[in-house]
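J.: This is the structure I have questions about; it appears just below.
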Amino acid sequence: LVRLRGRLSRSQSVFGKSLLAVLARDRLDEDAWEEIEDSLIAADVGVEATHEIVGRLRERTKVLGTRNPTELRALLAAELVEALDPTLDRSLNVAGKPSVLLVVGVNGSGKTTTCGKIARVLIADGHTVLLGAADTFRAAASEQLATWAGRVGAEVVRGPEGADPASVAFDAVKKGVDTGVDTVLVDTAGRLQNKVGLMDELGKVKRVVEKQGPVDETLLVLDATTGQNGLEQARVFTEVVDVTGVVLTKLDGTAKGGIVIAVQRKLGIPVKLVGLGEGPDDLAPFEPAAFVDALVG
Ligand code: GDP
């Protein structure tokens, strides 16, 4: 939690401080409630979610007759946790043998980095991991994934530059099956020229992979710093492939940690992991209560 707090310090400054200052006022009048709404919206929680959260908070505050800032903070935290649906299963499904995880998202969102970090976590857990470099469009992507593989102790399967992503994905899973590794992570290309193109490409990757067994997880990597606009792009991916979990990256680089709430609400898919930096250990499981606690200080 301390680590999470440190990493979310920028979010905290927007979210926590202004909000807590309002909650500490003697009177919670209309202006105060409006300011609370404004700080949630400024933190990228999203307009609809903010109205709901603040509506419920007002109701609870009235019913309980609460004035104490500490209690108000706890009530707000409880509403934020509730908005994140704490009952969702956020564990990574790595039960298959090998388990196959597709990693999708727009270029620059942090897919390759996330593949490396997930491999790191799984290897630390005693798994063997193979990384498939199916992002064959970005010149450096395959090189970058190979570097990550070396760094964390994973195997890597690469194709020549410009190779068919589906054929590299197929080769990676085949090698995973043949050599008996525990998990194959497939890094895909995120070219978003249009929905049909994306559907063709990712659909094909998925189909060839499924010839050898089920895909256990399709993780959508989303850059937290792109805010509400990034959400619209992300939605296209959820329409094209069956996304089972979201990895929200670069939370360390935004003052708007509330985006987690907007993402989960708009996409209806659990945020499973969060990226908190560029290093191999900068990935954390997403736990609503701990996250909200770090956010509201
Ligand atoms: P891809 O094109 O989706 O594969 O994206 P990359 O993995 O190449 O990442 C793009 C940039 O974002 C790189 O400079 C990464 O180091 C950086 N990056 C990825 N995840 C995080 C994160 O959680 N925090 C920060 N600060 N940077 C990140």
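J.: Of all DSSP beta bridges located in the chain, what percent are antiparallel, nearest 5?
T.: Taking every DSSP beta bridge within the chain, about 10 percent pair in antiparallel fashion.
J.: Okay, next question. When the chain is modelled as a GNM with alpha-carbon springs shorter than 10 Å, which of 75, 101, 131 fluctuates the most?
T.: 75
J.: Mind checking which of 62, 204, 272 has the largest fluctuation in a GNM of the chain, springs on alpha carbons under 10 Å?
T.: Maximum among the listed residues: 62.
J.: If you bin the C-alpha pair distances of the chain every 10 Å from 0, what whole percents do you get?
T.: Cα pair-distance distribution for the chain, in percent: 7, 28, 31, 19, 10, 5, 1.
J.: For residue 246, list long-range residues whose amide hydrogen, built 1.01 Å from N in the peptide plane, is under 5 Å from its own amide hydrogen.
T.: 220, 271, 272, 273
J.: Further, regarding this structure: If you wrap the range 182-273's Cα atoms in a convex hull and average its projection over all directions, what's the area in nm²?
T.: Average projection, Cα convex hull of the range 182-273: 6.3 nm².
J.: If you don't mind, there's one more thing I want to ask. Tell me which residues come under 5 Å, amide H to amide H, from residue 99 once H is placed; ignore anything under 5 positions away on its chain.
T.: Close amide H contacts, sequence-distant or interchain: 183, 184.
J.: Tell me the per residue accessible area of the chain using a 1.4 Å probe; a whole number in Å² is fine.
T.: Ligands and nucleic acids excluded, the figure is 42 Å² per residue.
J.: Of 174/256; 97/256; 97/272; 175/256; 206/256; 62/272, which ones are farther than 31 Å apart at the Cα?
T.: Violating the 31 Å Cα-Cα cut-off are 174/256; 97/256; 175/256; 206/256; 62/272.
J.: Quick one: angle between helix 47-64 and the longest Cα principal axis of the chain, in degrees between 0 and 90, rounded to 10, please.
T.: Around 40 degrees separate the two axes.
J.: State the percentage of accessible surface on the range 150-297 attributable to carbon and sulfur atoms; use a 1.4 Å probe and exclude ligands, DNA and RNA.
T.: The value for the range 150-297 is 49 percent carbon and sulfur by accessible area.
J.: Here's a follow-up. Starting from the 7 Å offset along Cα-to-Cβ, what nm value, one decimal, do you get for the label separation of residue 95 and residue 30?
T.: Result for the modelled spin labels: 5.4 nm.
J.: A further question follows. Suppose R0 equals 22 Å. What FRET efficiency, 1/(1 + (r/R0)^6) with r the Cβ-Cβ distance, do residue 211 and residue 164 give to the nearest 0.05?
T.: Calculated transfer efficiency: 0.90.
J.: Sorted from largest down, give the three principal axis spans of the alpha carbons of the range 168-212, whole angstrom values.
T.: Sorted largest first, the three principal extents are 37, 17, 13 Å.
J.: Roughly how many Å is it from the Cα centre of the range 181-218 to that of the range 65-121, as a whole number?
T.: Measuring centre to centre over Cα atoms gives 22 Å.
J.: To continue, here is another question. Go through 127, 51 and list them by solvent-accessible area, largest first, probe radius 1.4 Å.
T.: Correct descending sequence by accessible area is 51, 127.
J.: Here's something else I'd like to know. Using helices alone, what [θ] at 222 nm do you get for the chain, with -39,500 (n - 2.57) per DSSP H run of 4 or more residues, divided over all residues and rounded to the nearest 500?
T.: Counting only the DSSP helices, I get -15500 deg cm²/dmol.
The values are calculated or read from the model by the stated rules, or taken from the named source; none is laboratory data. What you see is a predicted model; the values in this text were computed from it and never measured. Positions of Cβ are backbone-derived with ideal geometry, glycine not excepted, and every protein chain shown enters the neighbour counts. Note: accessible area is taken over every heavy atom of the protein model, side chains too, but ligands, DNA and RNA are not part of it. Shrake-Rupley method; radii C 1.70, N 1.55, O 1.52, S 1.80 Å.
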